[in-house]
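So the structure is just underneath, and the comments pick up after that.
Coordinate-derived values only; no laboratory data. Keep in mind that what you see is a predicted model, and the values were worked out from it rather than measured. Note that each Cβ is placed from the backbone with ideal geometry, even for glycine, and that neighbours are counted across all protein chains shown.
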Amino acid sequence: RILPRLDLAATYWWLNLSSELIFVGDEGTLEPSGASKRQGFEFSMKARLTDWLTFTGNVTKTTAELWNGLAVPLAPRLTAFADLTLRFPWGLALNGTMRYLQNRFADEERQQTARGYTLYEIGGRYRYKLPGGRALDAFVTIENLTNVDWREAQFFSTSRLPGEPADGVPDIHFTRGNPRTIIGGLAFRF
């Protein structure tokens, strides 16, 4: 803590595993793939800009590879998160967030790329305090505010559809991320 309202943290880390689990698309399971090593840097910050406005953010840069020098498929290389939150004393809170995941290797040979994404979200919450320490919250959130086309889960594997070669076709298989979505609700806290 350098200043009264500013927390900063920087970390260098490493992790050596004796066995890395790799996804096997044909079977929908995980299998051990030998030892791996990872290392990276992380920087995080929390700044209380005013009594009612807070900024939180972090960035992580990572390398991950198997001990034979091949890539760990789908291991994140660069991630970032930022959040700006306004909290008013009468129970209203508003926030905006950003989540970033850089493109990453989808296969051990570093030939296929799993697409990264940047997502934005805004939300609001009002808390009505009830007797006895209870509260009623009303909230609404807009996810994927810019309605980007993104992939939530991605795997590189060989599959075969009718009419394709018997050996199959290697490709990225993915689950689409949600489009712009509005979520709202009520919560009773007791």
- request: Taking a cut-off of 22 Å between Cα atoms, list the lysines near Lys46, but don't count ones fewer than 8 places away on the same chain.
  value: Lys61
task: Using DSSP to define loop residues, name the trypsin sites (Lys or Arg not before Pro) in the range 117-190 whose beta-carbon has at most 15 other beta-carbon atoms within 10 Å.
output: Arg134, Arg160, Arg180
Radius 9 Å from Cβ of Ala71, net charge of other residues (Lys, Arg +1; Asp, Glu -1): -2
message: Given a 10 angstrom Cα cut-off, can you work out which residue in Leu66, Leu84, Leu49 is the most mobile in a GNM of the chain?
response: Leu49
task: Excluding Ala135 itself, calculate the net charge of residues whose Cβ lies under 13 Å from the Cβ of Ala135, where each Lys or Arg counts +1 and each Asp or Glu counts -1.
output: +4
field: the range 1-95: GluC sites (Glu not before Pro) in DSSP loop, at most 10 other beta carbons within 10 Å
entry: Glu27
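What's the ranking of 51-59, 112-120 by average number of surrounding C-beta atoms within 10 Å, highest first? Walk me through the numbers on the way to the answer.
Details: 51-59: 14.7, 112-120: 16.6.
Averaged packing, sorted descending, gives the order 112-120, 51-59.
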statement: Here the net charge surrounding Arg48, from other residues whose Cβ is less than 12 Å away from its Cβ (Lys, Arg +1; Asp, Glu -1), is +2
